[in-house]
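Remarks on the structure that follows.
What follows is calculated from the coordinates using simple rules that are stated; it is not laboratory data. Remember, it's a predicted structure, so these values are computed and weren't measured experimentally. In this analysis, Cβ positions are derived from the backbone assuming ideal geometry, glycine residues included, and neighbour counts consider all displayed protein chains.
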Amino acid sequence: MRERPTTRQTTQQQSSYRPLWIEEPARRRRMPDPVRTSAVRAVLIIAVTLVLAMVAFLCALAGSWPAFPMMLSSVAGTVVATWAVVDIWVTRQVWNQRGGVVSEPSSTARSLRRERRASRRQAKAAGRERIDRRGGAGQLSHP
């Protein structure tokens, strides 16, 4: 007769078949490559600027001579970091305008488009009726 497995054995068997992780769908889509590149660049520039500012502060506290040059470089780094953040925004806007975004028209735009389409169809139908009444149906060219 076969022995019934204990609860410890069944949990070991279950844990051996359990995956290491469960993949979940991403909450947001991945950033486009140019935008991600500019974001990484901005983060690195901001990190370097913060290090420069911290060194300038510590040099000023210590009263050492590199305090003034480090302060000037941290001011310049702040300007460059601001430019880098603006670069992210501009790159994102350019990407969205050139090919990134699928626009979803609002309900008013949709209804206006429907009305324009209906009026075009009516104009085409009226134009066809005029041709049919003149007896031009079937003629390829004028006599």
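See the values below:
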item: Estimated vicinal HN-Hα couplings, Hz - the stretch 27-40 in sequence order (Karplus 6.51, -1.76, 1.60; Gly, Pro = x); result: 6, 10, 6, 5, 5, x, 4, x, 5, 5, 4, 5, 5, 5
item: In nm, spacing of pseudo-spin labels at residue 123 and residue 36 (7 Å Cα→C-beta vector); result: 4.7 nm
item: The stretch 16-61: chymotrypsin sites (Phe, Trp or Tyr not before Pro) falling in loop per DSSP and having at most 11 other Cβ within 10 Å; result: 21
item: FRET E, pair residue 93, residue 115, Förster distance 22 Å, beta-carbon r, rounded to 0.05; result: 0.10
